[in-house]
Amino acid sequence: MNKHLFGDTATLLGRSLRHILRSPDTIITTAITPIAMLLLFVYVFGGAIDTGDVKYVNYLLPGILLITVASGIAYTAYRLFLDLQGGIFERFQSMSIARSAVLWGHVLTSVVANFASLALVVLVALLMGFRSSAGVLTWLGVAGILALFTLALTWLAVIAGLAAKSTDGAGGFAYPIIFLPFISSAFVPTDRMPGPVRWFAEHQPVTSIVNTIRNLYAEQAVGNDIWAALAWCVGVLVLAYGIAMMVYRRKIS
Amino acid sequence: MTLDPAIHVQGVEKSFKDVHVLRAVDFDVARGSIFALLGSNGAGKTTLIRILSTLLKADAGSAVVHGYDVATQAAEVRESISLTGQFAAVDEILTGRENLVLIAKLRHLADRGGTADALLARVSLTDGGGRRVSTYSGGMRRRLDIAMSLIGGPPVIFLDEPTTGLDPQARLQVWAAVRELAAGGTTVLLTTQYLDEAEALADRIAILHQGRILVNGTLTELKRLLPPAKVEYVEKQPTLEDVFLAVIGRSATAVPDGADL
């Protein structure tokens with residue numbers, strides 16, 4: 001490992017964070033669609049959805065948080081693509097810096113930016129009546145799962161950013177991921193979905209993650225969902241990281 | 001010359017699929033000299049620069065920069081060089097000064113702020129240093145780009161078409177910066193498609209055409225390749241460049257706008 005990895009990563013993290021501070025619109029646009037969905041589903045469709053004793057905003061928030069992350073990572077792919085296109089990437093690569101620091105700078109920026117957007121969404125949800133009796137530790141647990149989810153999707157975004165041929169291509173990969181929560185337990189309970197759809201919904205990653213966060217907030221037992229959620233996040237993270245590094249190495253050698 | 005050359009290229013070949021971009025390129029660049037690689041678009045200049053700056057691997061042949069092999073000692077090569085690519089590799093969202101500080105940090109220097117300020121002064125950007133690069137003109141951007149390459153004082157500098165797209169005045173400023181570098185002992189390898197640029201700057205010139213070095217020598221040597229000069233009497237007209245520089249030079253010292261000549 002290069003002795004400058006941490007220093008160089010910190011330097012490049014500082015650079016991209018400065019980008020975000022100077023155009024905070026990326027944080028806000030990331031949060032706007034999820035907030036609009038939150039409003040739409042709670043105040044328009046929510047009345048027709050039966051979630052038992054659970055307040056609909058409480059039911060909905062975990063899925064909306066995942067959608068927030070899924071739309072936020074599109075910017076990571078976009079920022080990486082711009083670096084590659086603009087020539088500054090080559091300048092960094094022709095310098096004696098830790099080789100993977102360029103990627104880690106973007107990845108950590110993604111985590112910070114997504115958490116800023118998540119905080120905005122949670123704030124709006126609180127204003128709309130979201131309540132949780134969960135303590136600090138549980139909130140930290142939720143943050144941990146979201147961080148893992150963000151990291152996993154961010155490394156997917158790195159692959160997209162490295163492989164993209166155009167700015168549209170760099171961000172476009174995120175749409176299917178944004179759509180995934182709709183076929184899960186995020187908006188409606190899965191038990192009234194028709195057979196194959198229900199099977200898919202119950203076996204895709206979003207459902208286990210949403211159920212875990214929902215149960216954590218409600219201070220109920222998380223059961224096996226948490227293990228499925230962690231397995232999905234870690235699995236995608238490891239796979240995406242491996243592929244991203246492979247694409248990266250091919251790119252820089 | 002007893003010293004090893006700063007750059008030694010031997011038999012370098014590179015193909016992309018079935019396009020042979022470089023076919024057995026050989027040349028040496030002496031330490032502290034300016035070497036111009038002259039060629040039209042698509043001649044393979046950028047490919048060669050990318051190989052020498054460790055961004056691309058050659059298919060065959062060897063290249064040694066500052067005593068280090070680009071293939072096996074890439075990290076040492078990177079310590080010894082800096083690259084100014086064809087398109088200004090600057091961060092648009094940061095200010096000029098922040099760009100310089102960023103590179104100084106990545107070069108692991110101690111006095112980043114001082115380095116940045118000194119370089120801003122050197123390329124006459126002190127006034128613009130606090131502004132975002134997105135507001136810069138093409139010439140300012142290019143000057144900043146070159147200033148970023150000077151950080152840490154690398155012994156070898158690659159300049160890939162440093163004046164493409166610049167106005168004549170900005171071009172002269174870049175030339176002055178390049179001359180100053182060589183005077184300070186830095187080896188400069190520059191590529192250009194402008195013949196006058198090679199003529200004005202370079203100690204040696206090599207013409208790269210379709211992936212091969214056709215000729216390599218000093219300007220005088222290259223001129224000797226053609227039949228001796230014959231004397232012709234030509235009325236000496238000012239070139240448009242002379243006029244352009246004279247007029248904007250005057251307007252800088254207050255000439256009424258739109259003066260009729």
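Just so you know, all these numbers are worked out from the coordinates, no wet-lab data involved. Values in this document were obtained by computation on a predicted structure and should not be read as measured data. Cβ coordinates were reconstructed from backbone atoms using ideal geometry, including for glycine residues, and neighbour counts include every protein chain displayed.
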- If you find the alpha carbon centre of segment A:77-97 and of segment B:140-174, how far apart are they in angstrom? 18 Å
- Message: Contact order normalised by length for chain A, with contacts defined as Cα pairs under 8 Å and 6 or more residues apart; what percent is it?
- Response: 26 percent
- Note on the structure: Dividing the mean separation of Cα pairs under 8 Å (6+ apart) by the residue count of segment A:1-113 yields a relative contact order in percent of 51 percent
- Query: Under a point spin-label approximation (7 Å from Cα along Cα-to-Cβ), what is the B:Val215-A:Trp139 distance to one decimal in nm?
  - Reply: 7.6 nm
- Task: Starting from the amide H of B:Asp59, placed 1.01 Å from N in the peptide plane, find each other amide H under 5 Å away whose residue is 5 or more places distant or on another chain.
- Result: B:Glu13, B:Lys14, B:Ser15
- Considering only the other residues whose Cβ falls under 14 Å of the Cβ of B:His20, what net charge follows from Lys and Arg at +1 and Asp and Glu at -1? +1
- Query: Based on Cβ point charges of +1 for Lys and Arg and -1 for Asp and Glu, what charge dipole magnitude is obtained for segment A:99-203 about its Cα centre, in debye rounded to the nearest 20?
  - Reply: 60 debye
- What nm distance separates the two modelled labels at A:Ala119 and B:Phe244, each placed 7 Å from Cα along Cα→Cβ? 5.1 nm
- Message: Shape verdict for segment B:149-225, please, from the Cα gyration tensor: rounded (a/c under 1.5), prolate (a/b greater than b/c) or oblate.
- Response: prolate
- Report the FRET efficiency, 1/(1 + (r/R0)^6), for B:Val231 and B:Asp117, where r is their Cβ-Cβ distance and R0 is 45 Å, rounded to 0.05. 0.30
- Message: Report the gain in length on full extension from A:Lys251 to A:Glu202: 0.36 nm times residue separation, minus Cα-Cα distance, nm rounded to one decimal.
- Response: 13.8 nm
- Summarise the long-distance tail of P(r) for the protein assembly as shown by giving the % of C-alpha pairs beyond 28 Å. 62 percent
- Evaluate peptide A:213-223: per residue, the Cβ atoms of other protein chains within 10 Å of its Cβ; return the mean as an integer. 0
- Whole-Hz ³J(HN,Hα) from phi, Karplus 6.51 cos²θ - 1.76 cosθ + 1.60, for segment B:74-81, glycine and proline x: 4, 4, 5, 4, 4, 5, 9, 10
- J(HN,Hα) series, segment B:236-243, from Karplus relation 6.51 cos²θ - 1.76 cosθ + 1.60, nearest Hz, glycine and proline x: 7, 8, x, 7, 4, 5, 4, 4
- Counting only DSSP beta bridges with both residues in the protein assembly as shown, what percent are antiparallel, rounded to the nearest 5? 55 percent
- Message: Once R0 is set to 25 Å, what does the formula 1/(1 + (r/R0)^6) return for the Cβ-Cβ distance between B:Ser62 and B:Ala183, expressed as a FRET efficiency to the nearest 0.05?
- Response: 0.25
- Message: Please report the antiparallel percentage of the DSSP beta bridges confined to segment B:7-252, to the nearest 5.
- Response: 55 percent
- Summed residue charge, Cβ within 14 Å of B:Gln173's Cβ, Lys/Arg positive, Asp/Glu negative: +2
- What residues qualify as long-range amide H neighbours of B:Ile213, i.e. H under 5 Å apart, gap of 5 or more or another chain, H built at 1.01 Å from N? B:Asp26
- Message: Compute the orientation-averaged projected area for segment B:7-252 from the convex hull of its Cα atoms and round it to one decimal in nm².
- Response: 15.6 nm²
- From phi via Karplus (6.51, -1.76, 1.60), per-residue ³J(HN,Hα) for segment A:13-27 in Hz, x at Gly/Pro: 4, x, 5, 6, 5, 5, 4, 5, 4, 7, 9, x, 4, 5, 5
